[in-house]
Structure formats: structure tokens, C-alpha cells
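The values are calculated or read from the model by the stated rules, or taken from the named source; none is laboratory data. Given the structure is predicted, the values throughout are model-derived calculations rather than measurements. Backbone-built Cβ (ideal geometry, glycine too); neighbour counts: all protein chains shown.
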Amino acid sequence: MAAVSIFRSMLSNVLSDKGISVGRWAGANRPSDHLLQVDTAGKATVLYVKESNTPNRGFWGLTRNQVEKLEAAGIRWFAILLHGSINGGYLLSGGQVELRVRDGLFELSRDGDYKVNEKTDLHAEQRFEGLSQLLARVL
């Protein structure tokens, strides 16, 4: 099972105990575990979850079409960049992603993804360790 699917399952289990539902975001181009809707405090929050496939450094691709759909939807959203395990990585708000895209810091590659490099594009304060730390910042 891929890390993103395991993450979704863990998140669902933890949040169901709190009476919060997690499902795939209906606004996505197609159903995906990468785009999760969490029903928080009377409004939905979408989590765009990606995993790094490089073992020694973090490197992710955020699909331009998905980022544009999230921006156009006008909803609260976050990018979760898993790295090292399903319990750790980086968290960026949708606004932080949009600003970096607009400023050209997240470069658009030929494959249609905005490339995010741990060494040059992320900061230590965006790092999270553990699901509880992540949820404290998202909920």
C-alpha cells in the first residue's frame, strides 16, 4: 500500500474518534487519496498529500491542474509533503503554495508539476513530526 493511502487510513482512524469525517475531495478531476476533504468546524478543509520518492532528500511535484482547481474552489487547503515516513514531512497552507507559484519559487516542469525541493524551497518551521503535531496546525 502506498504511503499516501496509509496516511489517509491513519488520518481517518484518528479523526473518526473525534467525530470528524475524512473522504476524497469531490472537486478533484478524479477520485484520489492525494486530495482529502476533512470536515472541520463547519467548513471543509482539503489536504493535498504528496510523498517524496527520493530517500535522501525531499522532492515533490504538485500538479498544476490540482493546484488551480484548489485555488478556484476558494476553500481552505494545505499541502502535506510526506518525507521519511507517513508521520513526518512539511506542511504549507494553500496561500503559501499560491505565493511560491506566483513568485516562481515552485517551478513548473514539462510534466505539468510544480517542483518542490526540500533544500531550497522549504523551511524548518514548516516541518512536522507526527500526526498530532500536523493536526494541531490544520484543525
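Values computed for the structure shown
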read-out	value
Residue check, Asp113 charged (D, E, K, R), in contact with a Ser or Thr (Cβ under 8 Å, 6 or more places away or on another chain) and farther than 29 Å from Asp17 by Cβ	yes
Where a residue in the range 76-88 is on the phi < 0 side of the Ramachandran plot and its partner, wherever it lies, is basic (Lys, Arg) and modelled with pLDDT of 85 or more, with Cβ under 6 Å and at least six apart	Leu81/Lys50
Residue, modelled with the highest pLDDT, within the range 23-81, restricted to residues that are in a strand (DSSP E or B) and over 15 Å from the mean Cα position of the chain (by Cα)	Asp39
Matching residues in the range 8-22 - criterion: being outside any strand (DSSP E or B) and in contact with a Lys or Arg (Cβ under 9 Å, 6 or more places away or on another chain)	Arg8
Residue selected from the range 106-139 under the condition free of Cβ contacts under 8 Å to residues at least 40 places away in the same chain and buried (at least 16 other Cβ atoms within 10 Å of the Cβ), by the criterion farthest from Thr45 (Cα to Cα)	Asp121
Members of the range 21-53 that are free of Cβ contacts under 8 Å to residues at least 24 places away in the same chain and touching an Asp or Glu at 6+ places or on another chain (Cβ under 9 Å)	Ser21, Val22, Gly23, Arg24
